[in-house]
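A quick write-up on the structure given underneath.
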Amino acid sequence: MKRVLLLVVDALTGPLLLQELNNGRYPHFNMLRQAGVVREQCLSIFPSITHAALSSIVTGKYPADHGVVGSHWFNLKEEKVVYFSGSFGMMLQMGVGNFFREFLLDLNNDYLQAPTIFQALERDGRKTACVNFPLYRGDVPHQVNMPLLLQWLPGLPASTTLMGPQILLLGDVLANAADLEIAATYTGVTNWFGFTDQNTSDLLQQLAAKDEFPDFTLAYFPDNDETSHRNGPVYAHQQLGHLDEALERLFTLYGGLESFLEQFMVVITGDHSQSATLAEANEEKIDLIQVLSEAQLAKAGQPWQDADDIMPCPNLRAAQLYFRNTDPEWVASICQSLLNDKRIDQLIYRADLFDEGEGYVVRNSNGRLHFWRAAEREAMATDHYGNSWAWEGDLAVVDGRVHRHLITFPDYPNAFERLAGALDCACSGHLWMTAKIGHEFVVPGVTPFPGGGSHASLHRLDSQPPLFVAGAPPHLTIPDQPRIIDVFGICQACLQTAEPA
C-alpha cells in the first residue's frame, strides 16, 4: 500500500502558481502536474484565514463542527478573547506567554472539537507523522521541555505533555525524534523557534534519507503567507524555488519521480489564497473605531468593560462583532453605519439572532438576501456538493446564479455552504462583515498590510488554493471541484484498500 505525503503551503494561490508553472518555472511542481491531477481551485472555508482553514484541512470539517471560527474570536460564555494571529501589538496586550500557550496548547486541547486525521488513521491501525503543522492533536503523549527563551515568558509552562501522532516534530517544542535519530537543525529565535519552511524541509529530507515516512505524513510550510502579506501574492509566488528544490531532493532520494510515486501519493494544497491590498495605508485599512463611532468598542484582546457595547474581532479581511445588546433597532443602526462605508462588502448574520426567521442573511449596500437549507422537494436549487437551498431577496449580494436547478457563485464560490459552516459555529459572532478587495479591518493593536496581500473574506481571490495529487491509487477519484475539507477524505481513501472513494 502506498504512503501519503500531504504538504500544506500557507497562502498558496492556485492561479498564481499555475501561471508561474506555465511560464516554465518550478520544474518539479510541473513534473507532479504532468504525472497527476491538478485543480486550480480547492475551495477554502469562510473565514478563509489560517487557523480556521488549517483546522478544516486536518479534520475535514467546517468551523461549525470543529469549533475554530477564525484566528480571532470571542467566547461569549466564558467572556474570553481567543487570538492566534501574529500581530505583535495584540500579542503584547494578551501577554506573550499567554499567546504562545494558547497557540501551542489550548488550540489543540480546548478549541479544536473534531477528531484529526492523525487520530482517525491511528485508531484504524496506521502510523502517522506531523511536521510543524500547528493542529497536531493525536492520541500519543509527548513530553516536551519548552525552549529556554519561552520558559521566561509568564503564562507558559516550562514543560508539558502534548497529545499528538506517533511522530511529532514541532518547531523547537519537539525538535527531535530520538528513536529515529532525527533532529531539527534550524531552530532558535533567529529561525522563529523552528516554525519555518527551511526547518520543515530539512526534517522531511531526514525522514526520506532514512526512509522513515510512516503511512501518513502532514508537513506545513508557513513562509509564503508572510511573504504574501508583506510584498503581495504575485511577488510571493515568484519566490517558491526553495519548495521546488525540496521536491527535487525528495524525488532524488527515492530514485526519481517515477520511483517516488510508486511508493507515495503526494498531495499539495494551501489553506487559503491572498488578494492584493491597496498601497496607501489610511485608504487600505477600515478602522472599526472610526466607522462605529456611535458605539463603545471593547479593547481588542481584553474582556468586557462596563461601558463597552461591542467586542470587535477583526480577522484581516473579515471581522466578527459580538454585541452586548441585541436590540433590533440598535443593531439596525450599527448595520447602517457599516453599510455607509463603501469599503465594506457584505454584512452576514444568522437570521434567528435578530428575529428574522431561520437561516442566514447577507446584506450589502445594494440589497438583502435571506437563504436557508431546504428539503429537496422544496429547494429552489442545489449546489455542486449536493446541498439544497431556498432563498428570498437578491442573489447578486453573493453573485448567485442559477442554471438548470444548479446554483453557482462565481465571485463568492460555494457561498451558501461556506457561510453556514461558519455562522453555525457556537462561537460565531453576532455579525460578520467582509471587506472589498484591497481593504482590511483593524482596531488598535492590529497590524494591517498595505501594499501587500491579505485574505479571510468570502471572495474568490481569498479562497482558491490549488490541489496537486500525484501517485493516487486507481480506486481514488479526485473531485472536479474540491474543497479543502475534502483533503482529509482523499488522504484517508488512499490508505483504504476496499471500496472506491
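Before moving on, here are some points about what is shown:
- Set of lysines near LYS210 by C-alpha distance (under 23 Å), chain-local residues within fewer than 8 positions excluded: LYS2, LYS127
- Overall form of segment 320-474 per C-alpha gyration tensor (a/c, 1.5; a/b vs b/c): oblate
- Here the Kirkwood formula puts the hydrodynamic radius of segment 18-90 at 15.1 Å, using every distinct Cα pair.
- Distance from the alpha carbon centroid of segment 282-349 to that of segment 370-434 works out to 24 angstrom.
- Among beta bridges that DSSP assigns inside the chain, antiparallel share in %, nearest 5: 70 percent
- Ordering SER333, VAL397, ALA351 by Cα displacement along the dipole of segment 282-401 toward the positive end leaves VAL397 in first place; charges were set at the Cβ atoms of Lys, Arg (+1) and Asp, Glu (-1).
- Degrees separating the helix 50-59 axis from the principal Cα axis of the chain, which is the longest one: 60 degrees
- Taking a straight line from the alpha carbon of LYS80, these lysines sit under 27 Å away, with near neighbours fewer than eight places off in the same chain left out: LYS61, LYS285, LYS299.
- The chain, relative contact order [Cα under 8 Å, separation at least 6], %: 28 percent
- For peptides 49-57, 288-296, 434-442, sequence by mean Cβ density within 10 Å, most packed first: 49-57, 434-442, 288-296
- Structure-based [θ]222 nm, the chain - -39500 (n - 2.57) summed over DSSP H runs of at least 4, per residue, nearest 500: -7000 deg cm²/dmol
- Each Lys and Arg contributes +1 and each Asp and Glu -1, all at the Cβ; summed about the Cα centre of the chain, the dipole is approximately 440 debye.
- Peptides 418-430, 19-31, ordered by how many other C-beta atoms sit within 10 Å of their residues on average, highest first, read 418-430, 19-31.
No value in this document is a laboratory result; all are computed from the given coordinates. Remember, predicted model here, so these are calculated numbers, not experimental data. Neighbour counts are summed over all protein chains in view; Cβ atoms, including those assigned to glycine, are modelled from backbone coordinates with ideal geometry.
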